[in-house]
Amino acid sequence: MSVNNHILTAQGITKKFGGITALDNVTIDVHQGKVNVIVGENGAGKSTLMKILSGVYPDYEGDLFVKGEKVNFSNPKEAMKKGIAIIHQELNLIPYLTVTANIFLGREIEDALGMLDFKQMNKLTKSLLQRLDCDIAPTTLVADLRVGQQQQIEIAKALLEDAKVVIMDEPTSAITDTEVENLFKVIANLKKQGVSILYISHKLDELFKIADRFIGLRDGKMVGTIEDISDASKDDLIRLMVGRDLKNLYVKEASPIGEEMLRVENISLPKNREKTEFLVKDVSFSLRKGEVLGIFGLMGAGRTELLETLFGLHPKLMLGKIYIEGEEVKIKSVTDAVNLGMGLVPEDRKEDGLVLQMQICKNVSMASIDQTIKNGFLSKQLEGRLTKNYMSDLKIKASSEKQLSKNLSGGNQQKVVLSKWLATTPKILFLDEPTRGIDVNAKNEIYHLINNLAKNGLGVLVVSSELPEVMAISDRILVMGESRITGEFSQEEANEDAIMNAAIS
Ligand SMILES: Nc1ncnc2c1ncn2[C@@H]1O[C@H](COP(=O)(O)OP(=O)(O)OP(=O)(O)O)[C@@H](O)[C@H]1O
Ligand SMILES: [Mg+2]
């Protein structure tokens, strides 16, 4: 086979999980010194392929070649020896060790006397971090670093082993905008040094900034590549992922807006009991029946904390007043919030939203048991019907409603949590980053669903850091910056520049 500029080749890879074929005879080449982007809908097989390339899954059909040499990895360590490193979405560092200790874990350097040579290790760490243009001190505890910085340490770790290929599976889903910019600089730097990147993300704008080429996966099959980014459009990319044009990219239908559903006055969440610093400060707004109110802000602006506070998660610290349908209410716990007709789809769904060991149908019906009880007994039939409705509305890809949630792809897990809260049929629904990790096609479905909920009289509050999303779905937009409301726009007034300005003011 030809080697030319292909650092890594996967040939005819098939991977089955029980009866599910996650990958079906996939052949791809990774080009050296390029950002090779894998695109595909939720469940297309992207993460599975990356796990095979990096030795996480040793069992599969087909062959892997590194620079033309056939390889077989039984674990990630062996892949690393051949220069292939994966940066998982869930980072794997040990918080109470220093940066240096994490980077050298399991391959510590000893001096002539057999003692750990911290001086030497710190020095090497420093030079690795310099390669990344990163000025974190080697002796810092990992626990004191932000997520984006921890990600840099993972990358430094890969460089120590002299990685030739670095795989990044949705690396920007949990980091701030500045950290994203930093990551892109790091990627540009790695490219200059001849390192190849394999990159996965559902944020299309981001992909156009860094991709050199696209590889499309659909239903476990390789469906094509786009080699010349310069004359590719967003539509071309969507066609590669979805297999057709997405004609009706979502346009909001006007729905009648009714009386006030929720009003909050001077809501604050102090950081500490002394009330010197605040996570949320003096937030007031109202939300009406049938209205979709978007809350835009950069990561860290206090949006998630605001939703949590209103939802009864910080009853001891919270200040301010909440009114539902004109009456003042006291929300001292999540149970209070749910009883008052509120629902919250949290941002960190793996931690707060989903029981991975349970079937999809159990997760979906968990918060709305009343809908699945018939004559005093839990009805499997009702539970199944409820779940199947959401599976078809949100296009959840699974073998059946009885599949275990842990075996779903990342995006499909998100959709299960979303279903769970939609099934509670709240009057007031808070959605925190509802489409994070969700593919472009399913995003549209979710926008339609939000619109339908509003049409049915719900008040919906949507937090999002994706500006095009907020603008597409909201009747009105509040902007948060540094814990406060820094702007408000009606749908007609809203434009990207004005909103962005308010967010960074
Ligand atoms: N451990 C597993 N057991 C059973 N099925 C699995 C397992 N891991 C993945 N699958 C299935 O394989 C298919 C591909 O999943 P994969 O995680 O590779 O998708 P993906 O392209 O990364 O999607 P996403 O964009 O949602 O992250 C899915 O149908 C998924 O349900
Ligand atoms: Mg994935």
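The values are calculated or read from the model by the stated rules, or taken from the named source; none is laboratory data. As the structure is a prediction and not an experimental result, all values here were calculated from the model. Positions of Cβ are backbone-derived with ideal geometry, glycine not excepted, and every protein chain shown enters the neighbour counts. Please note that ligands, DNA and RNA were not included when accessible areas were found on the heavy atoms of the full protein model with its side chains. Shrake-Rupley method; radii C 1.70, N 1.55, O 1.52, S 1.80 Å.
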> Which residue pairs have Cβ atoms under 6 Å apart, sit 6 or more places apart or on different chains, and have a first residue in the range 73-99 that is open to solvent by less than 60 Å² (accessible area, probe 1.4 Å) and a second that is modelled with pLDDT under 90 and assigned to a loop (DSSP other than H, G, I, E, B)?
Replying inline: Met80/Glu161
> Among the residues of the range 389-401, is there at least one that is modelled with pLDDT of 85 or more, in a strand (DSSP E or B) and within 12 Å of ligand 1 (Cβ to nearest atom)?
Replying inline: no
> Within the range 261-299, which residues are under 24 Å from Glu469 (Cα atoms) and surrounded by fewer than 17 Cβ atoms within 10 Å (Cβ to Cβ)?
Replying inline: Ser284, Ser286
> Within the range 163-182, which residues are open to solvent by 10 Å² or more (accessible area, probe 1.4 Å) and either outside any loop (DSSP other than H, G, I, E, B) or modelled with pLDDT of 85 or more (or both)?
Replying inline: Lys164, Asp169, Glu170, Pro171, Asp177, Thr178, Glu179, Val180, Glu181, Asn182
>> Please go through (1) of a type in the set (A, V, I, L, M); (2) at pLDDT below 95; (3) more than 16 Å from ligand 1 (Cβ to nearest atom) for Val35 and return the number of the only condition it doesn't satisfy.
In response: (2)
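Considering Gly320, Gly302, which residue is out of contact with any Lys or Arg (no Cβ under 9 Å at 6 or more places or on another chain), at positive phi and surrounded by 14 or more Cβ atoms within 10 Å (Cβ to Cβ)?
Exactly one residue qualifies, and that residue is Gly320.
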>> Which numbered condition in (1) surrounded by 16 or more Cβ atoms within 10 Å (Cβ to Cβ); (2) over 24 Å from Leu204 (Cβ atoms); (3) in contact with a Gly (Cβ under 9 Å, 6 or more places away or on another chain) is the only one that Leu386 fails?
In response: (3)
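Kindly evaluate Val242 against the criterion of being within 23 Å of the chain's Cα centre (by Cα), in contact (Cβ under 8 Å) with a residue 24 or more places away in the chain, at negative phi and crowded, with 17+ Cβ neighbours inside 10 Å.
The answer is yes for Val242.
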> When you look at Leu313, is it open to solvent by 50 Å² or more (accessible area, probe 1.4 Å) and out of contact with any Lys or Arg (no Cβ under 6 Å at 6 or more places or on another chain), yes or no?
Replying inline: yes
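When only residues in the range 398-434 that are among the hydroxyl-bearing types (Ser, Thr, Tyr) and surrounded by fewer than 21 Cβ atoms within 10 Å (Cβ to Cβ) count, which is farthest from Val329 (Cα to Cα)?
Taking the range 398-434 as the starting set, the residues that turn out to be among the hydroxyl-bearing types (Ser, Thr, Tyr) are 399-400, 405, 409, 419, 424-425.
Applying the additional criterion that residues be surrounded by fewer than 21 Cβ atoms within 10 Å (Cβ to Cβ) yields 399-400, 424-425.
Values: Ser399: 43, Ser400: 41, Thr424: 20, Thr425: 20 Å.
The extreme case among them is Ser399.
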